[in-house]
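The next block holds one structure in the form of structure tokens; read it before the comments.
Just so it is clear, none of the values below were taken in a lab; they were calculated from the coordinates. All values derive from a computational prediction rather than experimental measurement. Please note: Cβ atoms are built from the backbone with ideal geometry, for glycine as well, and neighbour counts cover all protein chains shown.
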């Protein structure tokens, strides 16, 4: 998704990743909760005694706060993406070979929703 976005707007890949980060994590969490729990623990989040839903909430809150702390408060809308761009971005993201390594299978509507949430 970041490849499609960066190519569309000529934006740095890292910025594109930051704009999509919590939305992609939220989408993928259920497909790999152990992997995301490990990420949360690596970020210093105490996950002892928490169920997967609680870990997800804490991880997402932490990622949002981390982004805010380093000044990454942008949205796709702020960088020039409009709702009408979403189908184009989603189509190109689904054509990118990297989609094959995503933890959760993604169809066109799934990818569109993640982009829309990041607007």
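In terms of the Cα gyration tensor, with a ≥ b ≥ c the square roots of its eigenvalues, is segment 75-119 rounded because a/c is under 1.5, prolate because a/b exceeds b/c, or oblate?
Working: a/c = 2.10, a/b = 1.91, b/c = 1.10.
Taking the square roots of the gyration eigenvalues as a ≥ b ≥ c, segment 75-119 is prolate.
Relative contact order for the chain: what is it in percent, counting Cα pairs under 8 Å that are at least 6 residues apart?
On the way: 105 pairs, mean separation 44.2, N = 119.
It rounds to 37 percent for the chain.
I'd like the distance between the alpha-carbon centres of segment 53-106 and segment 24-45, rounded to an integer number of Å.
For segment 53-106 versus segment 24-45, the Cα centre distance is 14 Å.
FRET efficiency for residue 54 and residue 119, Cβ-Cβ distance as r, R0 = 35 Å, nearest 0.05? Write down the numbers at each step before the final one.
Details: r = 27 Å, r/R0 = 0.78.
The formula returns an efficiency of 0.80 here.
Among (1) 1.12; (2) 1.25; (3) 1.07, only one was calculated for this model; which label is it, if the read-out is Cα Rg over 2.2 N^0.38 Å?
Matching the structure shown: (3).
May I ask you to derive the FRET efficiency for residue 65 and residue 101 from their Cβ-Cβ distance with R0 = 25 Å, giving the value to the nearest 0.05? All intermediate terms of the calculation are to be shown ahead of the outcome.
Values: r = 27 Å, r/R0 = 1.09.
The value I calculate is 0.35.
Based on other C-beta atoms within 10 Å, arrange 47, 98, 16 from fewest to most. Kindly include the intermediate steps, with their values, before the conclusion.
Values: 47 16, 98 11, 16 22.
With the sparsest Cβ surroundings first, the list reads 98, 47, 16.
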